[in-house]
Amino acid sequence: MIVKEGLYYTKKHEWLKVEGNTGIVGITDYAQEELGDIAYIDLPEKGKEIKKSEEICEIESVKAVSEVYSPVSGKIIDINTELGDKPEKVNEAPYDAWIVKIELSNKEEIKDLMDKKKYEDYLKSL
Amino acid sequence: MRLKIHDWHEENAKKMADYAGFEMPIWYSGIKDEHLTVRNNVGLFDVSHMGEIIVEGRDALEFLQYLTTNDISKPPPISATYSLILNERGAIKDECLVYNLGDKYMVVYDAVAVAKIYEWFSLFSRFYDVNIINKSYDMQLYSIQGPKAESLCKELFDIDIKEMWWFQAKKINYRGVDIIVSKSGYTGENGFELFFEADLKYCMDLWKEILEKGKKYGIKPCGLGARDTLRIEAGYTLYGEDTKEKQLLSTDIDSITPLEAGLDFALSFDKDFIGKKALKNQKLQKKIMHFRLKEKGIPREGCKIFVNEKIIGEVTSGTLSMSGDGIGLCFVDANLNIGDKIYIEIRGKKKEGKIVKPPFYDPKKYGAFREVI
């Protein structure tokens with residue numbers, strides 16, 4: 001199970017990478033392994049305002065449907081359209097296959113997220 | 001409950017989950033990978049959770065003729081007949097295979113119905129000179145499926161399944177244990193299944209031996225996930241999903257009957273069986289049919305189906321085909337025809353699809369009747 005240094009994590013297994021005022025969101029290696037073969041991602045609209053913990057989109061694997069929740073609040077400024085045709089990229093490289101980019105509206109929210117060490121401890125507790 | 005070689009599954013499966021009270025392997029390498037392994041090479045399934053009842057005694061044949069729908073008097077030992085167990089209102093209590101073992105019969109049926117069917121059989125057994133033995137928790141069932149299963153069977157047991165008809169079986173003694181080697185399966189592919197009773201060591205050794213000898217054929221262990229996607233792609237119904245009894249006690253006809261399920265081929269109206277009278281009176285309003293989506297999305301059980309803005313039924317089981325299309329079985333207006341356009345509501349969005357004829361794969365390229373291997 002890979003947990004990457006330098007990213008922030010949620011209890012629902014999303015990761016967040018912060019670049020300036022932009023937050024890049026994806027799902028963790030743990031999440032993709034739990035889901036199994038990802039078959040479909042219902043990508044959101046660009047420009048949508050989203051609040052922290054709100055649903056960004058749904059990810060479907062052959063066996064299950066799971067929601068992706070936003071680790072932060074802000075405006076969705078970019079979506080990874082490549083995942084529309086190749087959702088399996090999330091299984092292959094979960095930390096490269098980002099889902100959305102969010103323009104952060106409240107950087108303070110990042111403090112509530114876990115770092116690598118805390119997320120690893122959290123995974124152990126599951 | 002746990003399968004006999006549970007520890008091996010626990011160690012090797014990436015996902016385990018409860019099914020019918022058993023801790024079952026859902027996938028090892030991944031559903032898609034295992035699915036393709038079975039279509040292209042060969043896969044090994046531990047489906048020992050399935051139910052088995054032995055019926056023996058003077059009236060065994062008469063008993064099973066009355067409790068199941070198909071005529072099981074014809075197939076010689078050792079072979080099986082696909083049959084159905086109905087309630088008195090005609091609904092499917094379970095789908096089963098009845099093996100004629102010569103001196104007795106073995107009914108193989110779904111794990112979710114293990115207790116229910118045993119009770120049902122016990123209830124009627126008092127009127128017959130029969131002995132009913134529930135072997136569900138002792139009998140092992142390994143299923144080996146795929147185009148390379150034939151070569152593997154030859155190598156393992158020196159049995160050529162090409163020479164056998166579908167549902168024919170052979171009883172062999174392998175390393176001191178009696179095994180019924182049956183040409184059967186639930187994937188659409190050619191394959192064989194092993195029924196036997198043995199201790200943990202034997203079960204583990206045989207499992208590992210099959211994997212070892214199957215290596216050169218590209219064998220992989222496969223879980224319940226791929227078992228489900230494979231059977232849907234082949235167009236087969238599953239009891240509990242597509243076929244079931246709803247226990248509509250106040251009506252003459254319960255749902256879903258074999259006529260509704262399109263399983264008429266398993267009905268023998270020349271004999272008497274439980275549920276026959278109800279079927280004779282049934283006016284068909286809905287039927288199990290197969291559909292393929294044109295738009296992206298995975299149809300799930302319970303998704304509503306529309307024609308001209310009107311709900312005409314729902315999805316009973318769905319998945320993605322090898323080619324990535326949403327496919328599945330549905331219970332819809334019996335007047336629909338192959339080729340008819342339908343809309344399936346998936347998470348609030350209506351997606352276009354049409355009624356098709358199974359299987360969902362190209363039978364010239366895949367499945368037991370493929371033209372090239």
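The values are calculated or read from the model by the stated rules, or taken from the named source; none is laboratory data. Remember, it's a predicted structure, so these values are computed and weren't measured experimentally. So basically every Cβ, Gly included, is an ideal-geometry build from the backbone, and we count neighbours across all protein chains shown. Heavy atoms of the whole protein, side chains included, go into the accessibility calculation; ligands, DNA and RNA do not. Shrake-Rupley method; radii C 1.70, N 1.55, O 1.52, S 1.80 Å.
Which numbered condition trips up B:Glu260, out of (1) outside the structural domain of B:Ser151 (by TED's automatic domain parsing); (2) in a helix (DSSP H, G or I); (3) in contact with a helix residue (DSSP H, G or I) (Cβ under 7 Å, 6 or more places away or on another chain)?
The number of the failed condition is (3).
Restricting to the range B:300-336, name every residue that is surrounded by 16 or more Cβ atoms within 10 Å (Cβ to Cβ), in contact (Cβ under 8 Å) with a residue 60 or more places away in the chain and within 14 Å of chain A (Cβ to nearest Cβ).
B:Ser317, B:Gly318, B:Thr319, B:Leu320, B:Ser321, B:Met322, B:Ile327, B:Gly328
Enumerate the pairs (first residue in the range A:27-50 and farther than 14 Å from A:Ala93 by Cα; second residue anywhere and of a type in the set (Asp, Glu)) with beta-carbon separation below 7 Å, excluding pairs fewer than 6 apart on the same chain, so at least 6 apart or on different chains.
A:Ala39/A:Glu60; A:Tyr40/A:Glu60; A:Asp42/A:Glu58; A:Lys46/A:Asp78
Go through the range A:47-65 and count every residue that is of a type in the set (Gly, Ala, Ser) and touching a helix residue (DSSP H, G or I) at 6+ places or on another chain (Cβ under 6 Å).
1
Of all residues in the range A:81-100, count the ones that are open to solvent by less than 20 Å² (accessible area, probe 1.4 Å) and not in a strand (DSSP E or B).
Here the count works out to 6.
Take B:Gly297 and decide whether it is open to solvent by less than 30 Å² (accessible area, probe 1.4 Å), of a type outside the set (Ser, Thr, Tyr), within 20 Å of A:Val65 (Cα to Cα) and within 14 Å of another protein chain (Cβ to nearest Cβ).
Numbers: open to solvent by less than 30 Å² (accessible area, probe 1.4 Å): yes; of a type outside the set (Ser, Thr, Tyr): yes; within 20 Å of A:Val65 (Cα to Cα): yes; within 14 Å of another protein chain (Cβ to nearest Cβ): yes.
The answer is yes for B:Gly297.
Could you go through the range A:29-37 and let me know if any residue there is part of a loop (DSSP other than H, G, I, E, B), closer than 21 Å to B:Arg347 by Cα, within 14 Å of another protein chain (Cβ to nearest Cβ) and touching a helix residue (DSSP H, G or I) at 6+ places or on another chain (Cβ under 9 Å).
yes
Residues of the range A:38-72 being polar (S, T, N, Q) and facing chain B (nearest Cβ under 10 Å), which ones?
A:Ser61, the sole residue that qualifies.
Out of B:Phe273, B:Phe265, B:Phe291, which single residue is touching a Pro at 6+ places or on another chain (Cβ under 8 Å) and either touching a residue at least 12 places away in the same chain (Cβ under 8 Å) or not in a strand (DSSP E or B) (or both)? If you could, list the steps in order and put the result at the bottom.
Details: B:Phe273 fails: touching a Pro at 6+ places or on another chain (Cβ under 8 Å); B:Phe265 fails: touching a Pro at 6+ places or on another chain (Cβ under 8 Å).
Result: B:Phe291 is the single residue among B:Phe273, B:Phe265, B:Phe291 that is touching a Pro at 6+ places or on another chain (Cβ under 8 Å) and either touching a residue at least 12 places away in the same chain (Cβ under 8 Å) or not in a strand (DSSP E or B) (or both).
Please tell me if B:Ser83 is among the polar types (S, T, N, Q), surrounded by 18 or more Cβ atoms within 10 Å (Cβ to Cβ), more than 14 Å from chain A (Cβ to nearest Cβ) and outside any loop (DSSP other than H, G, I, E, B). Steps first, answer last, please.
Values: among the polar types (S, T, N, Q): yes; surrounded by 18 or more Cβ atoms within 10 Å (Cβ to Cβ): yes; more than 14 Å from chain A (Cβ to nearest Cβ): yes; outside any loop (DSSP other than H, G, I, E, B): yes.
Yes: the conditions hold for B:Ser83.
From the list B:Ile305, B:Ile288, B:Ile274, B:Ile312, pick out the single residue that is within 21 Å of the chain's Cα centre (by Cα) and within 22 Å of B:Leu259 (Cβ to Cβ).
The match here is B:Ile288.
Filter the range B:14-69 down to residues that are among the basic types (Lys, Arg) and within 14 Å of another protein chain (Cβ to nearest Cβ), then give me how many there are.
3
With the structure loaded, tell me whether B:Ala278 is in contact with a Lys or Arg (Cβ under 8 Å, 6 or more places away or on another chain) and either away from chain A (no Cβ under 14 Å) or open to solvent by less than 20 Å² (accessible area, probe 1.4 Å) (or both) or whether it fails that test.
yes
Can you find a residue that is hydroxyl-bearing (Ser, Thr, Tyr) and under 22 Å from B:Gly275 (Cβ atoms) anywhere in the range B:137-154?
No, every residue in the range B:137-154 fails to be hydroxyl-bearing (Ser, Thr, Tyr) and under 22 Å from B:Gly275 (Cβ atoms).
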